[in-house]
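What follows is a single structure, written as structure tokens, with notes after it.
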Amino acid sequence: MTAAPNLDHPALPALKQTFPDAGLQATEFRGQTTVVAPPALVHDVLGFLKTLEASPYDYLADVVGVDYLNYPEPRQGGPRGRFAVVYNLVGTGLTGGAEAPRIFVKTLLDPSLPTDGIDDDPALHLPTATDLWPGAEWLEREVFDMLGLRFDGHPDHRRILTWEGFPAHPHRKDYPVRGRGERENYRIVQRDEA
């Protein structure tokens, strides 16, 4: 694991010892630590952090997706990927009177197919975290619906914010801001009909 000298998050030594050749990277920004893991290992890293004996991260606060289309290039030697999935983990039993410790786990994915439609791209799959945290179910559904990133093994892999036949994933940056005609095709509902 590569890490800046000032990183002192308590989980980093255990991660480095458990995954010595995994290519994990750690960064810190404004006091928040992020571990970047390859997609093939992200589930293992999440499971390890959940059961970490010294400081278990037992609460999955959020799962978010990011589209880095046209984002400036990463620093030399840094990980690359158009899409990211970020898991926000909290250790609820470790407050000690202060704010509960938190760590972010990020993984990056690069599409292998054009991203202007709803094609199921095999490069945009990750294992679900619902076996670790059942609450990941709706969070992963939102990432799927908005960005088209799929979670293998998810118990209910349906759209959650748009309708089932929606022809795209609206948070992808190559999706037009005004949509592709969806607004123009809505049936106008009058007040007395509602």
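When the P(r) is computed for region 1-62, the part past 13 Å accounts for 62% of the Cα-Cα pairs.
With K and R counted +1 and D and E -1, the other residues having a Cβ less than 11 Å from that of His154 yield a net charge of -2. The accessible surface of region 27-176, taken with every protein chain in place and a 1.4 Å probe, is 54 percent carbon and sulfur.
Phi angles across region 163-171 convert, under the Karplus curve 6.51 cos²θ - 1.76 cosθ + 1.60 with θ = phi - 60°, into 3J(HN,Hα) values of 7, 4, x, 4, x, 6, 10, x, 8 Hz, Gly and Pro given as x. Each label was represented as a point 7 Å from its Cα along the Cα-to-Cβ direction; for Asp44 and Leu7 these points are 1.7 nm apart.
Under a straight-distance cross-link criterion of Cα-Cα below 14 Å, which aspartates and glutamates are reachable from Lys16, leaving out those fewer than 8 residues away in the same chain? Output for Lys16: Asp8, Asp44. The mean accessible area for residues of the chain, using a 1.4 Å probe and ignoring ligands and nucleic acids, is 57 Å² per residue. The Rg/Rh ratio for the chain is 1.03, where Rg is the radius of gyration of the alpha carbons and Rh is the Kirkwood radius. Taking each residue as 0.36 nm, the span from Arg191 to Leu113 lengthens on full extension beyond its C-alpha to C-alpha distance by 23.7 nm. Centre-to-centre separation between the Cα atoms of region 129-166 and those of region 1-71: 22 Å.
For Tyr59, the residues 5 or more places off, or on other chains, whose built amide H falls under 5 Å of its own are Val90, Thr92. What is the helix-to-structure angle for 136-147, meaning the angle in degrees between its Cα long axis and the longest Cα principal axis of the chain, kept from 0 to 90 and rounded to the nearest 10? Orientation of helix 136-147: about 60 degrees from the principal axis. Under Stokes-Einstein, with the Kirkwood radius over Cα pairs as Rh, the value for region 54-163 at 37 °C and 0.692 mPa s is 215 µm²/s.
Largest accessible area first, the listed residues His9, His43 line up as His43, His9 when surface is computed with a 1.4 Å probe on the assembled protein chains.
The values are calculated or read from the model by the stated rules, or taken from the named source; none is laboratory data. Since this is a predicted model, take the numbers as computed values, not measurements. So basically every Cβ, Gly included, is an ideal-geometry build from the backbone, and we count neighbours across all protein chains shown. Keep in mind that these areas ignore ligands, DNA and RNA; they rest on the heavy atoms of the full protein, side chains included. Shrake-Rupley method; radii C 1.70, N 1.55, O 1.52, S 1.80 Å.
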